[in-house]
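Here the structure is laid out as structure tokens; the discussion comes afterwards.
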Amino acid sequence: MKFLFTLTALSLAALGANAADFPVKDKIITIVVPFSAGGPTDRVARDLAEALRKPLGGVSVVVDNAAGAGGSIGANKVAKAAPDGYTVLLHHIGMSTMPTLVRNIPFKVESDFEYLGMINDVPMTLIAKPSMPANNFKELTAWLGQNKGKVNLGNAGIGSASHLCGLLFQNALQNEMTTVPYKGTAPAMTDLIGGQIDLMCDQTTNTSTQIEAKKVKAFAVTTSKRLSTPALKDLPTLDESGLKNFQVTIWHGLYAPKGTPADVTTKLNDALKAALKDPEFIKKQEGLGAVVVTDKRMEPAEHKKFVAAEIAKWSPVIKAAGVYAE
Ligand code: ASP
């Protein structure tokens, strides 16, 4: 695999794919999303693809949904891609929780990627099927207690954000549920709306429109404070609902394969920083409850430091809760 990878890089050089020319106008930049189309990570990627086009000189930026295995298939695809800047990964908190939640991932988060900067922070929400009889968090916990062993909890596969949140939720309630894995929370949302599954914890970038349209029932947010987004402002936090210190915030970052030339990663980072200041992008993200990064985490070195800090933060929590998967 390594040999092939080097060959790809060499043949690109032979074809004259010079880092100084990056990005070549008639080439396409692909953002790999490790979850299904129409879900929250995909939503961030599609908005970002649009915002990146101008700062990258009008080049086409497309999204490739390489979904499955809780986000590790897409991440692995980019880890093994040609390091030429034309394939990048948009991933979330899974980059820091997957190494503990899933023990055998086929890539190394710390050493297989060039970090390009962070994008946003996104709260999660606890939502249920529309026919859920409970109308508030207290009634929900009572219903979950009465239905022990019968509750289906959807997620985007082992290692995903919804997996992490669902595991922490089951652990906090000491109530084991049947988890139903999907390739992303877009198909899980369809089944939740249809009543095939009972419950899900997912990013507001997927849930706020469905909550507003009353297609699902919402019970709480996972942040330490209530949100100001109109559709979500009446939701209590899990902490105030009795699950003390329950706090999960999802963040997204951009990555290139290790070995991507520095002048290419600098151009990608510059374009990302321009996109993060694009009023249209900010407006779309804020409307979905996401907060676009304005701090130093938009710099690659700080992004890398943040991911390392998140690994250090989550690893003991996951281990202490005993919620990791084989
Ligand atoms: N929200 C998903 C997760 O739980 C991912 C997705 O479908 O975007 O990780």
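The values are calculated or read from the model by the stated rules, or taken from the named source; none is laboratory data. Model, not experiment: these values are computed from the prediction. Cβ: placed from backbone, ideal geometry, glycine included. Neighbour counts: every protein chain shown.
Table for the structure above
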{"read-out": "Failed condition for Val151, given (1) out of contact with any strand residue (DSSP E or B) (no Cβ under 6 Å at 6 or more places or on another chain); (2) within 13 Å of the ligand (Cβ to nearest atom)", "value": "(2)"}
{"read-out": "Odd one out for Ala308 among (1) within 18 Å of the chain's Cα centre (by Cα); (2) under 30 Å from Asn104 (Cβ atoms); (3) surrounded by 15 or more Cβ atoms within 10 Å (Cβ to Cβ)", "value": "(3)"}
{"read-out": "Yes/no for Gln174 being more than 8 Å from the ligand (Cβ to nearest atom) and at positive phi", "value": "yes"}
{"read-out": "Residue ranges of strands (runs of 3 or more DSSP E) in the stretch 93-182 with at least 2 members crowded, with 24+ Cβ neighbours inside 10 Å", "value": "113-128, 152-155"}
{"read-out": "Subset tally (residues that are modelled with pLDDT of 95 or more and either crowded, with 21+ Cβ neighbours inside 10 Å or within 16 Å of the ligand (Cβ to nearest atom) (or both)) for the stretch 62-72", "value": "5"}
{"read-out": "Set Phe107, Phe137: member being more than 16 Å from the ligand (Cβ to nearest atom), touching a strand residue (DSSP E or B) at 6+ places or on another chain (Cβ under 6 Å) and either touching a residue at least 24 places away in the same chain (Cβ under 8 Å) or closer than 15 Å to Pro40 by Cβ (or both)", "value": "Phe137"}
{"read-out": "Complete set of residues in the stretch 258-284 that are closer than 20 Å to Pro34 by Cα and surrounded by fewer than 23 Cβ atoms within 10 Å (Cβ to Cβ)", "value": "Lys258"}
{"read-out": "Checklist (1) touching a strand residue (DSSP E or B) at 6+ places or on another chain (Cβ under 6 Å); (2) within 16 Å of the ligand (Cβ to nearest atom); (3) not hydroxyl-bearing (Ser, Thr, Tyr) applied to Leu238, failing item", "value": "(2)"}
{"read-out": "Residue ID - farthest from the ligand (Cβ to nearest atom), chosen from residues in the stretch 183-215 that are among the basic types (Lys, Arg) and surrounded by fewer than 18 Cβ atoms within 10 Å (Cβ to Cβ)", "value": "Lys214"}
{"read-out": "Top-ranked residue of the stretch 18-45 - restricted to ones that are farther than 12 Å from Ala186 by Cβ and part of a helix (DSSP H, G or I), ranked as farthest from the ligand (Cβ to nearest atom)", "value": "Ala20"}
{"read-out": "Among the residues listed as Leu48, Leu52, the single one being away from the ligand (no atom under 16 Å from the Cβ) and assigned to a helix (DSSP H, G or I)", "value": "Leu52"}
{"read-out": "Every residue from the stretch 219-245 that is buried (at least 21 other Cβ atoms within 10 Å of the Cβ) and of a type outside the set (Ser, Thr, Tyr)", "value": "Phe219, Ala220, Val221, Leu232, Leu235, Leu238"}
